[in-house]
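Scroll down for the structure; my scribbles are underneath it.
The values are calculated or read from the model by the stated rules, or taken from the named source; none is laboratory data. Note that the coordinates shown come from a computational prediction; the quantities given were computed from them, not determined experimentally. Glycine gets a Cβ as well: all are built from the backbone with ideal geometry, and neighbour counts include every protein chain shown.
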Amino acid sequence: MTAAIETEALGKRYRTKWALAGCTLFIPAGHVVGLVGPNGAGKTTLLNLATGELAPTTGTIEVLGNRPAAGPAQLARVGYLAQDAPLYAGLPVADHLRLGAHLNPGWDADLAHRRVERLDLDPKQKAGTLSGGQRAQLALTLAVAKRPELLVLDEPVASLDPLARREFLQDLMESVAEQEVSVVLSSHLISDLERACDYVIVLVDSRVRVAGPVDDLLAAHHLLSGPRRDPASLPAGMEVVSASHTDVQTTLLVRTSGPVLDPAWTVSEVGLEDLMLAYMKQPATRRHHLEVLK
Amino acid sequence: MMWLTWRQFRAQAITAAAALAAFAIVLVLTESRMASMYDSSGLLTCHGGACSGLATTFLVQLSSGQGVSFIPFGANVYVIVYFLSVLVILVAPAITGIFWGAPLIARELETGTFRLTWNQSITRTRWLTVKLALIGLAAMAVTEAFSLLQAWWAAPIGKAVGLGGGASIFSEGRFGWFVFPTHGITPLGYAAFAFALGVTAGLIIRRPIPAMAATLAIFAAFQAIVPLWIRPNLFPTSQTTATIAASGANVSLGANPALTLTASIVPGQPGAWIISSEGVNAAGQRVSTIPAACQSAISDGLGSHRGTTVGPDPVALNNCVARHGIRVAEGYQPASHYWPLQLAETGFYLALALALAWYCFWRLNRRRS
Amino acid sequence: MIEFHLDGRSGVAPYLQLIHQVRHALRLGLLHEGDQLPKVKDVAAGLAINPNTVLKAYRELEYEGLAAARPGIGTFVTGTLDGGSLAAHGPLRRELQRWLAKARRAGLDDESIEALFASTFRSASEEDIA
């Protein structure tokens, strides 16, 4: 399976602080990948390494099999939407499309114009006077119309109102359905990602906590509740992600490859949001045994 | 990329075109009267020694208000236009460097639009190449256009000065401190350097306004230092010694009794650029004080005359100093070095511009945060 | 053509919700054999969900024999659900209505009725399995 992004022990340090450390990922192509984590976790750093804006301090990263931003051909394969959708405030919508047409050999002018019409954007309106949602949509148009193989979106909906957010995601999903494009998008809101993503990476405190296809992750995690017990007494092969106790009851979120046979436990399924929250709450000092589910 | 460069540069190009047009209009409006004055001055048909007298007359006439003045209060329009146009040429490279160069990269970094443009299907190298080439050449062309327009307008003045016209406000020679940098090809070098300096400052400082300030400061420093210490040393200076009279020097008093001799002619080298002049005795040693005997020439001339204080009698002072065997040692560049100096200084600034540009390419491609 | 909707808070996986809605539509007679199901692209865009989710639902329906994909054209309904339509269960419906009336007379409110039904239904299902 080809990789959209592949990293090996990737790390980035600014002066004394590591923004990203020990990051080993194999993100397969053909998915919509959600990169989730609290602010400052390293999401933007990872995406900036993927677009070539930053160079790694340690380790390696390959995007679509090549070094990021290795040349015009590589740049053409990756579409990027930076945080807050930077556009030229004084340039009208139509000139932004011309920018795309002049700077990208693979530019699909029909697609761009259809999108702009459907979005009801006035071609003569300057980008600085567009609403937040419209700016995000225009920036997405620019990224999508060059027909990339991979779309990288850094917190594309973070500052949008709920309606604009929904419309943006609708648009994005339509583009994914129409073109065979992989997407990596980051967000600190999990609910944004639940519907759209079928592969998830949780990044907390500059480290990857868990990564894998959503279906596999949901199938491998269970919520166990039962009489109070020491988590260490669980059988091997069962990793405890989070635990909480009252004086009589223990509730555990576990990750296991096999079925839970102990009848003392009441087993229930975990939603994606609860799953990601549990990983995000893990203390940083805990050793992480990362298994990437392929 | 050329379309994008033009589109982003469009407003600045229009401003420059408007400024050039306004400049041209002012020059055209004032040129014809000056040209007819020149034609009727007799300088077209003069020969030999008679020319310098006629030339001086013409220049004095031009600068003293006997020409037509459009401006009230008796201000002389030719003087104003001349010096304003020189000012424009001196300032043009700084303006393009500050307003075209400094924001080039800095604005993209500050607003984040570099994340849009440098992720399209072109490399940063190509982006910068097109931007530097097109806008840099535009800066050079605009500055040189101002210079050429002014040279056309001031042609009569230049010819008169060349024919020996002196004693007027226009009479700085080609090597004059405001003439050398505003004529010939030096404006090209300054424009290229100021632009490259602006771009580099913007890349390092990453915000337009501070970059503009830094560009102005550094460019101004260069424009002050180069004429003082680099331009005179681009070629070895020639030396000669002349009598005080022949060198047209005047003895002027520094803190008495310090001796300062300011020569204005190099005998046998018309149009030379005098770089240094100092008093030397018969043995060639430097003399920096007025001989004691001449002190009296100073005090003789001092005193009150009908209630006002007059300075020392300059002729007596000159004669006294000369009688003591003091001559003037002049360091100069001959007139024939004008174009070599122009080329050397322009080459110097162009080399700096290229070095700065190379640095920008290197730094732009070095991946950082 | 039917239109899908998603309940983000129901805890049921989106693809299962889509499958349920197709089956429900079949039962209600909104969908017949030969009808086209909405295009993957339109469902993904309409609901802002991953196209793979829609594909997964449609594949499951194919596996159950309820639908078939025609490449380049779309996905079409091919089967019906056994048990016929709801209309065929008239007697069961009337019995249920009588029971509901009894439950109301006993003083149960809506939530209690639903809870009673849900727990009875669950324990009955578990007994079936066991």
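Could you check region A:44-76 and list, in sequence order, the residues that are under 12 Å from residue A:25 (Cβ atoms) and part of a strand (DSSP E or B)? A:59, A:60, A:61, A:62, A:63 - these are the residues of region A:44-76 that are under 12 Å from residue A:25 (Cβ atoms) and part of a strand (DSSP E or B).
Going through (1) polar (S, T, N, Q); (2) in contact with a strand residue (DSSP E or B) (Cβ under 9 Å, 6 or more places away or on another chain); (3) away from chain A (no Cβ under 14 Å) one by one, residue B:119 falls short only on (3). Residue-level analysis places residue A:68 among those that are in the same structural domain as residue A:28 (by TED's automatic domain parsing), surrounded by 22 or more Cβ atoms within 10 Å (Cβ to Cβ) and at pLDDT below 95.
The residues on offer are B:201, B:151, B:155, and the sole one that is of a type outside the set (Ser, Thr, Tyr) and in contact with a Ser or Thr (Cβ under 7 Å, 6 or more places away or on another chain) is B:201. Right, residue A:52: in the same structural domain as residue A:190 (by TED's automatic domain parsing), among the small types (Gly, Ala, Ser) and touching a Pro at 6+ places or on another chain (Cβ under 8 Å) or not? So residue A:52 passes the test. What residue, among those in region C:35-59 that are touching a strand residue (DSSP E or B) at 6+ places or on another chain (Cβ under 6 Å) and more than 18 Å from residue A:196 (Cα to Cα), is nearest to the other protein chains (Cβ to nearest Cβ)? Among residues in region C:35-59 that are touching a strand residue (DSSP E or B) at 6+ places or on another chain (Cβ under 6 Å) and more than 18 Å from residue A:196 (Cα to Cα), the one nearest to the other protein chains (Cβ to nearest Cβ) is C:37. Only one of the numbered conditions (1) of a type in the set (D, E, K, R); (2) away from chain B (no Cβ under 13 Å); (3) surrounded by fewer than 22 Cβ atoms within 10 Å (Cβ to Cβ) is not met by residue A:147, and that is (2). Against the conditions (1) within 14 Å of chain A (Cβ to nearest Cβ); (2) surrounded by fewer than 21 Cβ atoms within 10 Å (Cβ to Cβ), residue B:163 satisfies every one except (1). Can you tell me which residue within region A:74-94, out of those that are free of Cβ contacts under 8 Å to residues at least 40 places away in the same chain and more than 8 Å from chain B (Cβ to nearest Cβ), is nearest to residue B:110 (Cα to Cα)? Here the residue is A:90.
Scanning region A:78-93 for residues that are farther than 22 Å from residue A:155 by Cβ and buried (at least 16 other Cβ atoms within 10 Å of the Cβ) yields A:91, A:92, A:93. If you take the residues in region C:78-117 that are part of a helix (DSSP H, G or I), at pLDDT 85 or above and among the small types (Gly, Ala, Ser), which one is surrounded by the most Cβ atoms within 10 Å (Cβ to Cβ)? The selected residue is C:103.
Which count do you get for residues in region A:79-111 that are part of a loop (DSSP other than H, G, I, E, B) and not charged (D, E, K, R)?
13
Note on region A:5-43: residues that are within 20 Å of residue A:279 (Cα to Cα) and not in a strand (DSSP E or B) amount to 7.
One residue stands out among those in region B:3-48 that are surrounded by 15 or more Cβ atoms within 10 Å (Cβ to Cβ) and of a type in the set (Val, Ile, Thr): the one that is nearest to residue B:145 (Cα to Cα), which is B:26. Kindly check whether there is at least one residue in region C:31-39 that is within 30 Å of residue A:178 (Cα to Cα) and either part of a strand (DSSP E or B) or of a type in the set (Lys, Arg) (or both). Yes, the conditions are met somewhere in region C:31-39. Only one entry in B:321, B:315 is modelled with pLDDT under 95 and crowded, with 18+ Cβ neighbours inside 10 Å, namely B:321. Being away from every other protein chain (no Cβ under 14 Å), surrounded by fewer than 24 Cβ atoms within 10 Å (Cβ to Cβ), under 20 Å from residue A:33 (Cβ atoms) and modelled with pLDDT under 95 is not true of residue A:131.
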